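All remarks here apply to the structure that follows.
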Amino acid sequence: MTLQLKITNLIQLLKRRLQFKKIIKTMKQVIVLTLSLFLFAQVGVAQDRKLTKLWESDSLFKTPESVLIYPKKEFLFVSNIDGNPAEKDGKGSIGIMGTNGKAFRVEWVKGLNAPKGMGIYRDKLYVTDLDEVVMIEVDKSAVGKRYPIPGTQFLNDITVDKKGVIYVSDSRGKRVYKIEKEEVTLFLDGLAGPNGLLIQDEGLYILDSGTLWLVDAKKSKKKIAEGMEGGTDGIERVSNEEFIVSSWAGIIYLVKVDGTVTKLLDYREDKINTADIAFDAKTKTLYVPTFYNNKVMAFRLD
């Protein structure tokens, strides 16, 4: 092989290596760009959460404070205060309505005082009623048992775990109580003004005057988010990383486990309250009772 041929072959080899390096560099750039676009898209989905109004019921309810989905028969329970939220007047009731906002019975079970939060376990509906928890036999449409909690005067929200253990917030007493095997005990005190409760596998979520806390089985508190309107009311989980939180004053928030708080709706200028909410994960529907506006609204979460 002549020297000239060797030089020619060497030049061609160098060119091929340079072209290969360029190809590799280009491929890396494409991969980085693709990953960036994917991450951007994922963030965009999270940031673009919105609520679209589906319907609102007629204004026939009586100061509805809370709604609860009854999946067995696909309807909603609605708690009617029907009077002073802190007064024992016997005017309170529980209503029922279809998930389409129609076909409802305003006073399904009567004889309560100022019913607020609701939870269900094995066809038994548990309702907070000022200083006691009232158990309603759903199949009988009647009150079955009452659980007085001495020293309380404004029991508010309630949540029930998979084993039937009940947690109840006392907003004015600044405490959370537990009912297990029909025995009432103090679970947590020293709070600012607890309302919304949600029990999950990792612990109990508590809305406490604009702050969301997670309390584990050892009663250790972890702050999840803060800075919301002080009258935080209802809480529902909508994904592993997200919650919907309502504020009685008329605000609906999206709250993430990383502490991010985003305002989705604000009805304060319209003077429409947004009290204790319910969320249907199957249909992505949020149900909102409007308290003094005497109706329930429904929204689709996208």
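Quick notes
- Verdict on Tyr253 being at pLDDT 95 or above and part of a helix (DSSP H, G or I): no
- Every residue from segment 70-82 that is part of a loop (DSSP other than H, G, I, E, B) and open to solvent by less than 30 Å² (accessible area, probe 1.4 Å): Ile81
- Set Val134, Val138, Val143, Val109: member being over 19 Å from Thr290 (Cα atoms) and open to solvent by 50 Å² or more (accessible area, probe 1.4 Å): Val143
- The one condition from (1) of a type in the set (A, V, I, L, M, F, W, C); (2) free of Cβ contacts under 8 Å to residues at least 40 places away in the same chain; (3) under 20 Å from Glu65 (Cα atoms) that Val288 does not meet is (2).
- Qualifying residue in segment 217-224 (condition: buried (at least 16 other Cβ atoms within 10 Å of the Cβ), within 27 Å of Thr285 (Cα to Cα) and of a type outside the set (D, E, K, R)): yes
- Put simply, of Thr274, Thr283 the only residue that is crowded, with 24+ Cβ neighbours inside 10 Å and either in a loop (DSSP other than H, G, I, E, B) or of a type in the set (Lys, Arg) (or both) is Thr274.
- Residue match in segment 256-274 (condition: β-branched (Val, Ile, Thr) and either more than 25 Å from Asp302 (Cα to Cα) or within 11 Å of the chain's Cα centre (by Cα) (or both)): no
- Residues of segment 83-104 classified as hydrophobic (A, V, I, L, M, F, W, C) and open to solvent by less than 10 Å² (accessible area, probe 1.4 Å), total: 2
- Residues in segment 184-202 that are of a type outside the set (A, V, I, L, M) and open to solvent by less than 10 Å² (accessible area, probe 1.4 Å) were compared, and the one that is farthest from Lys163 (Cα to Cα) is Pro194.
The values are calculated or read from the model by the stated rules, or taken from the named source; none is laboratory data. These figures come from a predicted structure and were not determined experimentally. We place every Cβ from the backbone using ideal geometry, glycine too, and count neighbours over all the protein chains shown. In case anyone asks, the SASA skips ligands and DNA or RNA and just uses the protein heavy atoms, side chains included. Shrake-Rupley method; radii C 1.70, N 1.55, O 1.52, S 1.80 Å.
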